[in-house]
Amino acid sequence: MRKHETHQTDFSTGSVYRNILEVAVPMTIAQILNLLYNIVDRMYIGRIPEVGTLALTGVGLCFPIITLVMAFTYLFGNGGAPLCSMERGRGNEEEAQKLMGNTFSMLILTGVVLMAVVMMFYKPILYAFGASDTTFPYARDYIRIYLLGTIFVMISLGMNPFINSQGFGNMGMLTVLIGAVMNIFLDPLFIFGFGMGVRGAALATILSQLCSAVWVLKFLTGKRAVLHLKREAMKIQWERVKRIMALGVSGFIMAFTNSLVQVVCNATLQVYGGDLYVGVMTVLNSVREIFTMPVQGLTNGASPVMSFNYGEKAFDRVKQAIRFMAVVCVAYTMVAWAILKISPEPFIRIFNGDSELIEKGIPALHIYFFGFCFMALQFTGQCVFVALGKAKKATFFSLFRKAIIVTPLTILLPRISGMGVDGVFWAEPISNLIGGCACFITMLITVLPELKENKSS
């Protein structure tokens, strides 16, 4: 057996739980490391002498733009990779390779367009997102440099799922490890050593993403990969691209509506609470990223296992994967909710030690994370729909939670009974309850009977 094969997980044999964990554990570690890109930036930015809180708020205003860039990596990467796994399960290696090649071409094309458009209009965009004359300079300095690395982000985040979908979870983890370690070392050097402030944080991030992108391309064009990224497979065929986008659109909409919610939250908080509460929301979003990361790692690890076995018609293994993923995700989020309820302050202090921000942030955190366990139901249901190619359901529930529930509530609740800023924070737990339950129950009553019928047919 060749060396590279010893590190590849065979999704068709052995324990389903072990298969998931073999991919999910390194992917969870990768999620932790990926989180460090932005978390480390915010930790250092929040501690810039005299202007840390304003600088943190300014960078927080860039999150919707960053999330939008990531949305397109989900549109193509998270759409193409499950299809690639299904085709591998069916034994159709040629089609799987073409799906990967078309995904790569669309990521590059989209990255160039995004960079050009946002670079031209970043000023009105940032003011529309809730910037003030005080915070705009920090947001401007960060986003202008970050946008130069758009293509690096598209490649590293958009193509890494194709490494994981081939069973090389450890290699996928290394993609993120390389960039994250670089970012940790470069951030303090550029921010404080060279006195670049938020511009240094942005420069450290894009250089780190460049290294991750080079690693992904080296692996996918090298000998160790099962499927190789080849030039002839990159020729865009729109029917194939439509399939990729049809499945990836749910992830795109989830990220896009996250961006929309961030914009609406920041703009509403600017009206009812000013720059301080925009800073509080920046911190809450950062804490949420920390605690949702293991859920994302597990669901991302389960996805290629479900896709492959669904393509191979091993429906019992698909059901085992769904059951395992749901139980672990719900149990974890209940524990996470308890931790945040008992000890919220240390997680706020990770990003900023300002006494006023902590005073306002603790009650906001208690509201924002109330019923956090229901969020796991949304992630689980959404993951199953995407992994099994249920594009319409995945898209609907992406829209339902964020666009139909959170956004209107964020606008309306602050006006009810003088709730003010608290109304903005209550929109999240309400959407987790309604959207999460609706998504998960629909998955149970539609997917499980189908798997049973297919087994008997």
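The values are calculated or read from the model by the stated rules, or taken from the named source; none is laboratory data. Treat the numbers as computed from the prediction; the structure is a model and nothing was measured. Reconstructed Cβ throughout: ideal geometry from the backbone, glycine too, with neighbour counts over all protein chains shown. Each accessible area value is taken on the protein alone, full model and side chains, heavy atoms only, with ligands, DNA and RNA left out. Shrake-Rupley method; radii C 1.70, N 1.55, O 1.52, S 1.80 Å.
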Item to complete: Give the residue that is nearest to ALA96 (Cα to Cα), with candidates limited to residues of segment 202-225 that are outside any helix (DSSP H, G or I) and open to solvent by 50 Å² or more (accessible area, probe 1.4 Å).
Response: THR221
Practice prompt. Given the conditions (1) farther than 20 Å from ALA255 by Cα; (2) assigned to a helix (DSSP H, G or I); (3) over 20 Å from the mean Cα position of the chain (by Cα), report the number of the one that VAL330 does not fulfil.
Written response: (3)
Practice prompt. Report yes if some residue within segment 271-292 is open to solvent by 20 Å² or more (accessible area, probe 1.4 Å), of a type in the set (Lys, Arg), within 23 Å of MET375 (Cα to Cα) and at pLDDT 85 or above; otherwise report no.
Written response: yes
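Regarding ALA96, is this residue within 20 Å of the chain's Cα centre (by Cα) and closer than 19 Å to LYS242 by Cα? Step through it out loud before you land on a result.
Details: within 20 Å of the chain's Cα centre (by Cα): no; closer than 19 Å to LYS242 by Cα: yes.
Here the answer is no, as ALA96 does not meet what is asked.
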Worksheet entry | Selection from segment 134-160 of residues that are open to solvent by 30 Å² or more (accessible area, probe 1.4 Å) and either part of a helix (DSSP H, G or I) or modelled with pLDDT of 95 or more (or both) | PRO137, TYR138, ARG140, ASP141, ARG144, ILE145, LEU148, ILE151, PHE152, LEU157
Discussion item. Condition (residue is outside any helix (DSSP H, G or I) and open to solvent by 40 Å² or more (accessible area, probe 1.4 Å)) applied to segment 294-303: is it met by at least one residue?
Written reply: no
Worksheet item: Of these, LEU109, LEU75, LEU68, LEU114, which one is of a type in the set (A, V, I, L, M, F, W, C) and out of contact with any Phe, Trp or Tyr (no Cβ under 7 Å at 6 or more places or on another chain)?
Response: LEU109
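Looking only at segment 8-22, count how many residues are of a type in the set (D, E, K, R) and either over 15 Å from SER85 (Cβ atoms) or modelled with pLDDT of 70 or more (or both).
2
Conditions tested, residue by residue: (1) closer than 18 Å to LEU247 by Cβ; (2) surrounded by fewer than 23 Cβ atoms within 10 Å (Cβ to Cβ).
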residue: LYS319; (1), (2): no, yes
residue: VAL330; (1), (2): no, yes
residue: TRP337; (1), (2): no, yes
residue: PRO346; (1), (2): no, yes
residue: ASN352; (1), (2): no, no
residue: SER355; (1), (2): no, yes
residue: GLY371; (1), (2): no, yes
residue: THR380; (1), (2): yes, no
residue: PHE385; (1), (2): yes, no
Discussion item. Considering only segment 360-369, I want to know if a residue exists there that is farther than 17 Å from ILE290 by Cβ and loosely packed, with under 14 Cβ neighbours inside 10 Å.
Written reply: no
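Scanning segment 52-78 for residues that are among the small types (Gly, Ala, Ser) and under 15 Å from ASP41 (Cβ atoms), which turns out farthest from the chain's Cα centre (by Cα)?
Within segment 52-78, the match that is farthest from the chain's Cα centre (by Cα) is GLY52.
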Fill in: Count of segment 37-96 residues which are among the basic types (Lys, Arg), surrounded by 20 or more Cβ atoms within 10 Å (Cβ to Cβ) and at pLDDT 80 or above
1
Worksheet, complete the sentence: Those residues of segment 232-256 that are more than 13 Å from MET100 (Cα to Cα), open to solvent by 60 Å² or more (accessible area, probe 1.4 Å) and either more than 18 Å from the chain's Cα centre (by Cα) or aliphatic (A, V, I, L, M) (or both) come to a total of 3
Discussion item. Being without any contact (Cβ under 8 Å) to a residue 24 or more places away in the chain and either in contact with a helix residue (DSSP H, G or I) (Cβ under 6 Å, 6 or more places away or on another chain) or over 13 Å from LEU284 (Cβ atoms) (or both): is that true of VAL327 here?
Written reply: yes
Item to complete: Restrict the check to segment 288-306 and report whether at least one residue is under 19 Å from LYS390 (Cα atoms) and more than 18 Å from the chain's Cα centre (by Cα).
Response: yes
Discussion item. Among the numbered criteria (1) crowded, with 24+ Cβ neighbours inside 10 Å; (2) free of Cβ contacts under 8 Å to residues at least 12 places away in the same chain, which one does VAL117 miss?
Written reply: (1)
